[in-house]
Amino acid sequence: MKVAIIGQQDFGKAVLEALLARGDEVAAVFCAPEKEGARPDALRVAAQEKGLTVHQFKSLKAPEAVEAMKAAEADIGIMAYVLQFAPQDFVNIPRHGTIQYHPSLLPKYRGPSSISWPIICGEKETGLTIFRPTDGLDEGAIILQKTTPIGPDDTLGSVYFDRLFPMGVAAMLEAADLVVAGKHTETIQDESQASYEGWCRDAESRINWANHSSIVYNLIRGCSPAPGAWTTLNGTKLWIYEARLERVVTFGAVKGKIGEVVASGDGELVVSSQSGRIHVLKAKLGDGKKVSGDALGIAAGSILGT
């Protein structure tokens, strides 16, 4: 098939390489312009190395973008990690329209941080959706979905890189084949089940040690490796990237105050929270490097969140 790819970064590159590996023709690649000082876009670099036509429009609403898509004469458009808004007069140009990847089980967890929030909220399952892009955010008809469990110690990194990334590449090709062959179905999203979650950034990733230990642990998992759940020690930020949850089931077994460091050693920093303890395994204090919990130099009796 003849494909136009709209995307960026490593996921877009992986979809490009998968299409080329099986013999599809990539007529054009649309990437967002890199910001000044940012690392080169992996999709753009790969496409240019292969001699493909690459476009970088500030807006896909621009007449030039529409004309470039028309010139591609693609059978289908494939949106692989797209942060730019793609209007209907752009995505409807390919003969069989355009399909888009989203890393959640739509209509749940629409929005930009859709891998983090299911973990933070304690979900036991997530997945991916291939759907038709509309002018609403992640609201188009569903073509294909795949599910994957969220284990009790999974992180954003493990869920995405180990499962949703490779599953997503394969699902994009599967969905494209179905659409071009006319063998797909399109299911309207059930708005009664829909949820939207915004970015998980610095404000959302701050730890409240007064929360239940499971809530604290889920936040750490859902923010690892980025943006990193964080707390403070005497006004200095402490980012926690790897941790272990120890639940306490006996009355009075939680020692120390909420947020208090109760032990440091054996590669860990142990912090008290509601109904349990958080064992900090990897963290970074201020401008320091990411180190094991006991290498942070934080003494027992210190109170985090201060």
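The values are calculated or read from the model by the stated rules, or taken from the named source; none is laboratory data. Here the structure is a predicted model, which is why all the values come from computation and not from measurement. Please note that ligands, DNA and RNA were not included when accessible areas were found on the heavy atoms of the full protein model with its side chains. Shrake-Rupley method; radii C 1.70, N 1.55, O 1.52, S 1.80 Å.
Over the stretch 1-72, Cα pairs under 8 Å with separation of 6+ residues give a relative contact order of 33 percent.
Taking K255, K146, K183 as the candidate residues, the one with maximal mean-square fluctuation in a Gaussian network model of the chain, Cα springs under 10 Å, is K183. In the chain, the longest principal axis of the Cα atoms and the axis of helix 165-181 are about 20 degrees apart. Each residue was assigned an accessible area with a 1.4 Å probe, and for E174 the value is about 70 Å².
Ranked by solvent-accessible area (1.4 Å probe, protein heavy atoms only, all chains present), the residues R163, R221, R206 order from largest to smallest as R206, R163, R221. Two decimals is fine: what is log10 I(q)/I(0) at q = 0.15 Å⁻¹ for the stretch 101-220, from a Debye sum with one equal scatterer on every Cα and no solvent? Those come out to -0.70, one per q. All Cα-Cα distances of the stretch 219-306, cut into 10 Å bins from zero to the largest, leave 19, 56, 23, 2 percent in each bin in turn. Largest accessible area first, the residues H279, H184 order themselves as H184, H279 under a 1.4 Å probe with ligands, DNA and RNA left out. Pairs spanning more than 22 Å between alpha-carbon atoms, out of K35/K61; K108/K284; K124/K282; K35/K58: K108/K284; K124/K282. For T306, T148, the ranking by accessible surface with the largest value first comes to T306, T148, using a 1.4 Å probe. Looking at the chain, the pairs of alpha carbons with a distance over 25 Å make up 55% of the total. Calculated on the alpha-carbon coordinates, the convex hull of the stretch 67-118 measures out at 84 cubic angstrom per residue. Carbon and sulfur atoms: what percent of the 1.4 Å accessible area of the chain do they account for? Here carbon and sulfur together make up 51 percent of the probe-accessible area. Full extension of the chain between V45 and R22 yields a length gain of 6.3 nm, computed as 0.36 nm times the residue separation minus the alpha carbon distance.
Bridgeable aspartates and glutamates around K289 (alpha carbons under 15 Å apart, same-chain partners fewer than 8 residues away excluded): E242.
Over the chain, average the accessible area per residue using a 1.4 Å probe and give it in Å², no decimals.
On a per-residue basis, the chain sits at 46 Å².
Our helix-only sum for the chain, with -39,500 (n - 2.57) per DSSP H run of n ≥ 4 divided by its residues, gives a mean residue ellipticity at 222 nm of -6500 deg cm²/dmol.
Considering only T232, T126, T98, the mean-square fluctuation computed in a Gaussian network model of the chain, springs between alpha carbons under 10 angstrom, is largest for T232.
Computed from Cα atoms alone, the Kirkwood hydrodynamic radius reported for the stretch 50-169 is 15.5 Å.
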